Amino acid sequence: MHKRRLGRDGPEVGAVGYGAMSFSDMYGPTNTEESHAILDACRDLGVTHLDTANVYGMGKSEKAIGSYLAAHPGARDEFVIATKATITRDADGNRFFDNTAEHLEAELDASLKRLGVDCVDLFYAHRRDPRLTPEETAANLGRLVEKGKTRAIGLSEIAPSTLRRAMTAYPVAAVQSEYSLSTRFPDLGLVQTCAELGVAMIAFSPVGRSLLTDNPIPPGRIPDLPFLAQNPRFMEPNLAENLAITDGFRALAAEMGTSAAALSIAWLLSRGDHVIPIPGSRSVTHFRECADGAGLTLTEADLARIEAVLPVGWAHGDRYSEAQWIGPERYC
């Protein structure tokens, strides 16, 4: 697999990474054996960037990676590992975001223990804490680099203006945002700002939470998946509309001799050399389809055909419900 750089001065990683939220039962039950099989596949495919977070399964995702590294001496050197923190709850159980230096360090220490490593390669503020300025958050993250607990810092679900301000306090290696053929708002400033500043653009949910694959999650399973059950794009009548529209994309992928997932990933890779999709899957077969996208080169004619079947704004329903929107920055 060809490589892309994780930030201006960062390491080279496979052009496609792996989003380890899927190790946390987010999209259905999984176990350590299945998670380890995915990590085996990552090594086979040249997928070297792993993305996780402390809240994915309340540590389950990090523990899955940690147990794999413990069982495979030397594997740590093959992976560039990112984790995230700041999503927490107050004494009354209310969700909030904490970017203070004390909280970030305590959570990173706990993540390092679960992962079984002394240092991660990238540590994100998972959400912006409105009590702190972007400069203060970046400085707090930067102190963890100085302490040797992470090699670089990142920000997640932020506005371009926040990135510009953060960069004045400490170099940001990566910004993470939902980005796909179904969620294209990053094209309205974030993709461009990352390119200008030499920041990697890490695209999560790059296959539209399954809508942009050959096997979307069946409607009958949605009620059993709490996040999707409350997500506007997976609620009726939006879901039926979205499945009908993406049928055309699946047909196009088949006509082009590839899978819908691979075509989705290839489209993202065409958006800029700094864009790194991180698909997640519990299935080795499905994940291989995503990774295949790194081997596709799309022509202008190919991109025009994709645009014809999935024109910008095609998706029915917002990408988040009002409750799910708490935390991500809206900037357009």
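Here is the list for the stretch 52-157: trypsin sites (Lys or Arg not before Pro) lying in DSSP coil, each with at most 11 other C-beta atoms within 10 angstrom of its C-beta, are Lys147. Our helix-only sum for the chain, with -39,500 (n - 2.57) per DSSP H run of n ≥ 4 divided by its residues, gives a mean residue ellipticity at 222 nm of -11000 deg cm²/dmol.
Of all the options Pro29, Pro277, Pro134, the one that moves most in a Gaussian network model of the chain with Cα springs shorter than 10 angstrom is Pro29. For the cross-link pairs Lys60/Lys147; Lys3/Lys113; Lys113/Lys147; Lys60/Lys149, the ones whose C-alpha atoms lie over 23 Å apart are Lys60/Lys147; Lys3/Lys113.
Ordered by the count of other Cβ atoms within 10 Å of each Cβ, fewest first, Thr88, Thr162 give Thr88, Thr162. For Trp314, Trp325, the sequence from fewest to most other C-beta atoms within 10 Å is Trp325, Trp314. Can you give me the long-range amide H partners of Gly7? Hydrogens built in the peptide plane at 1.01 Å from N, cutoff under 5 Å, separation of 5 or more residues or another chain. Those qualifying (amide H under 5 Å, at least 5 residues apart or on another chain) are Ala200. Taking every C-alpha pair closer than 8 Å and separated by at least 6 residues, the mean separation divided by the residue count of the chain gives a relative contact order of 19 percent. Sequence-distant contacts, meaning Cα pairs under 8 Å at least 6 residues apart, place the relative contact order of the stretch 77-184 at 25 percent. For the chain, the Cβ-based charge dipole about the Cα centre amounts to some 320 debye (Lys, Arg positive; Asp, Glu negative; other atoms uncharged). Proximity of backbone amide H atoms, modeled 1.01 Å from N, is registered between Val80 and His49, Leu50 at under 5 Å, excluding neighbours fewer than 5 places apart on the same chain. Ordering His274, His49 from the fewest to the most neighbouring beta carbons within 10 Å gives His274, His49. Working note: Karplus 6.51/-1.76/1.60 with θ = phi - 60° gives the stretch 292-298 the couplings 4, x, 5, x, 9, 10, 8 Hz, where Gly and Pro are set to x. What does the C-alpha gyration tensor say about the overall shape of the chain? Classify as rounded when a/c is under 1.5, otherwise prolate if a/b is larger than b/c, or oblate. Here the chain falls in the rounded category.
Computed from the coordinates by the stated procedures, all read-outs in this text should not be read as laboratory data. Predicted model, so just to flag it, every value in this text is computed and none were measured. With ideal geometry, Cβ positions are generated from the backbone for all residues, glycine too; neighbour counts draw on all protein chains shown.
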